[in-house]
Amino acid sequence: MHLTQPAVSKALAELERGLGMSLFARTPQGLVPTPEGVCLTRHAQSVHEDLNRAALALDSIGQPEVWRVAVGAMHGTTSVIPMAFERLQRQRTPTTAFDLTVQEGSPDLLLPLLRAGKLDVVMGVAPERSAAADLHVVPLYVDPMVWMVAPGHPLARADRPTLHDLADSMWVLPPRVARVRAVIDAMLRRNRVLVPSRLVETVSFDSLLGMVCDHGAVALSTRRLARSAETRGLVQVLDIDMAGLVLPISAMTLVEPEPSAYAVEFFQCLVEASAR
C-alpha cells in the first residue's frame, strides 16, 4: 500500500476516535479485531468490492459490452458450469466479450466471499434456513454419495461388498465441520459400523485421489466426482447401498444487493442446465 506502519497506526487511531469505539485489541500476538472491528471489516470488504465494480463499469463506458460473472463452486459441482455456459452462449452473439471467474472450494469458504461481494453466484450445499435469510436459494440437483477404491484394491473384486467389509481399510471422509459429515456418522451408527482408527478427512478431491490410488484407502465422495474419476480408470465405484445418503446442491445469490443482470442470466442457465 506504500504506507509506513506509523501512518497506518495513525489512520486506525483516527478511525477509532471518529467512530467512538475500539476496532482492534492490542495483544502480544498482534492486533485482534473486536466484534465491532469484525463488523466494520466485513462491510469495508463489500464497499471495496463495490468500488472495484464501479471502476470496471466506468472503464467499460463507450467500450464493447463485457459479460462478467464470478462463480463459486463446491468441489464436484463444476461440471454443470460448462453446460450453463453453453446455454448462455446460445443466447448471445458469438462476439460478446466475457469474463467468467470460477473459484472452487467448500461452502464455508465460498459463502463469506459471496456476502463480501467477491462472488456473484455460489453452487453447493445451502446452509440451514436460519443462516440463509440473506440468500436466494434455488435447488439444482441431488448428488448421491458413493464409496470408491483403486482398481487394484481387494474390494474392487468383491461380489456385493458391504459397509462392514470396509472396516480393515483406511477411510477418507469429509471433515467433521462439514454438514454432511453428521449425516454420514448417523448412517454409520444405524448400520453399527465404526469409523476406523486410520482416517483422513478432507474436502480436496486431489488429496482424496492420492490416498485412494497411492495408499489403498476407501473414500466416500459424490457420485459425479467418482464417476468422472472412474471413466479415467483411476478408481472403481463400489456397489454399496448408502441408504439414500445424498447431497442436495443449490445455486445461491444474495437477496440484497440484487445481483447484476449478468449474474441473474447465468444463475438461470445453471438452473436450466441442471434440469437436463
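Results, tabulated for the structure shown:
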{"quantity": "Distance (nanometres) between label positions extended 7 Å along Cα→Cβ at Ala55 and Phe24", "calculated": "2.2"}
{"quantity": "Inter-label distance, nm, simple model (7 Å from Cα along the C-beta direction), Glu36/Arg189", "calculated": "4.3"}
{"quantity": "Footprinting exposure proxy for Arg179, Arg223 (fewest neighbouring C-beta atoms within 10 Å first)", "calculated": "Arg179, Arg223"}
{"quantity": "Percent of beta bridges antiparallel (DSSP, the chain, rounded to nearest 5)", "calculated": "60"}
{"quantity": "Whole-number percent relative contact order across the chain, with pairs defined as alpha carbons under 8 Å at least 6 apart", "calculated": "25"}
{"quantity": "Placed amide H near Ala126: partners under 5 Å, 5+ positions off or other chain", "calculated": "Ser250"}
{"quantity": "Computed over the range 142-247, Cα set: Rg, Dmax in Å", "calculated": "12.4, 34"}
{"quantity": "Sequence-separation-based contact order of the range 142-247, relative, with Cα cut under 8 Å and 6+ spacing, percent", "calculated": "51"}
{"quantity": "Listed candidates (1) 82, 48, 32; (2) 90, 43, 31; (3) 69, 58, 35 - label of the one calculated as Cα extents along the principal axes in Å", "calculated": "(3)"}
{"quantity": "Spatial separation of Cα centroids for the range 164-187 and the range 211-270, in angstrom", "calculated": "17"}
{"quantity": "Furthest towards positive pole of dipole, Leu109, Thr202, Val255, structure part the chain, Cβ charges", "calculated": "Thr202"}
{"quantity": "About the Cα centre, charge dipole magnitude for the chain (Lys/Arg +1, Asp/Glu -1 at Cβ), debye", "calculated": "480"}
{"quantity": "Long-range amide H partners of Leu119 with built H, under 5 Å", "calculated": "Leu114"}
{"quantity": "Relative packing of 189-201, 74-86, which averages over residues the other C-beta atoms within 10 Å, highest first", "calculated": "74-86, 189-201"}
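Each reported figure results from applying straightforward, stated rules to the coordinates on display, with no laboratory input. Note that this is a predicted model, so its numbers are computed, not measured. Reconstructed Cβ throughout: ideal geometry from the backbone, glycine too, with neighbour counts over all protein chains shown.
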